[in-house]
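**Student:** My structure is below; once you've seen it, I'll send some questions.
Taken together, the values in this text are just the output of simple stated rules run on the coordinates, not laboratory data. Source: prediction; values computed, not measured. In this analysis, Cβ positions are derived from the backbone assuming ideal geometry, glycine residues included, and neighbour counts consider all displayed protein chains.
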């Protein structure tokens, strides 16, 4: 009887997951056809921030490794994918000072394959960086990964024949839409949540709690830290590729430390080790980033003209971060997750209350 009930619950969970995916697909379909371009752009950004936040939470939240190199992986994904999906004619227009080297000058592949390639190259670089750096802990790891991000930015600034240097790449084809961003976001959530709920995820959490105890229990620290770093770098590269196509222009300064700071704010406010919190805060963050632009432009306040102050949006987010740290030390979700199993439990409890009342 227990096995039958368990199978029934599994079938019901699968049915609920299908319904949830269908709801998202229907919403994206309606939004893509009926919403104006500005709203669609904001919703697309929400999906990209979800990808970036969840991928960084895997490293910082679930594994406990304080990384500041996410912007570097994003830039690698953005440049690699752009060089692969740009047409040769567009490349000639951009590289008018120093010609682009072969074979990038003649190659052009579909957008989907180029995005995957950008993620793979970012993951490869993540392994090469993580292999020597993951022996470090805490602030030391943060400093090294931040240095890596800055080194990538400087290298891209000087590789004129590959990245076009400080001029960057302009007029990129805008392939990224709601389907791309939220499709990738759903896959990111699905993949990382399954990874966390597996034996690998339990090993990552044990490393976060106590590395010495985890190693004593037979957990391979290098392998599991490297796994988290590579997976996080892969999805950061995917997010960077989608973001580059969305804004249609990239240069070395596009992926500065400010971008990493934004993603860290999302992870900390949402809750370290909470995918649900990261998704919620990433969506709110992307929306507020647009609505708070009013503070960076001149405005009238009760007849008084106030000049716009550049950077006010990030100052406001910094204040929000301090408030969360003071009153919600573990973030809004505190490491908790919303799952369909919890939904079923709540639903079954409500039914019991109704039956008992009747």
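**Student:** Rounded to the nearest 0.05, what FRET efficiency do residue 89 and residue 190 give with R0 = 41 Å and r taken as the Cβ-Cβ distance? Could you check?
**Tutor:** The value I calculate is 0.60.
**Student:** What value, in deg cm²/dmol to 500, does the helix sum -39500 (n - 2.57) over DSSP H runs of n ≥ 4 give at 222 nm once divided by the residues of the chain?
**Tutor:** -23500 deg cm²/dmol, from helical runs alone.
**Student:** Could you compute the FRET efficiency for residue 323 and residue 113, with r as their C-beta to C-beta distance and R0 at 45 Å, rounded to 0.05?
**Tutor:** That pair, residue 323 with residue 113, gives E of 0.55.
**Student:** At residue 25 and residue 198, where each label point lies 7 Å from the Cα along Cα→Cβ, what is the point-to-point distance in nanometres?
**Tutor:** So the two model labels end up 2.5 nm from each other.
**Student:** What distance in nm separates the two pseudo spin-label positions at residue 102 and residue 293, each 7 Å out from Cα along the beta-carbon direction?
**Tutor:** Label at residue 102, label at residue 293, 4.4 nm between them.
**Student:** Here's a follow-up. Suppose each label sits 7 Å from its Cα in the direction of the beta carbon; what would the residue 39-residue 128 distance come out to in nanometres?
**Tutor:** Placing both labels 7 Å beyond Cα along the Cβ direction yields 4.5 nm.
**Student:** Let me ask another. For the chain, set up a GNM with springs between Cα atoms under 10 Å and report which of 252, 298, 99 has the largest fluctuation.
**Tutor:** Taking springs between Cα atoms under 10 Å, the residue moving most is 298.
**Student:** May I pose another question? In a Gaussian network model over the chain where Cα atoms closer than 10 Å are linked, find which of 277, 138, 171 has the largest mean-square fluctuation.
**Tutor:** Sorting by GNM fluctuation, first place goes to 138.
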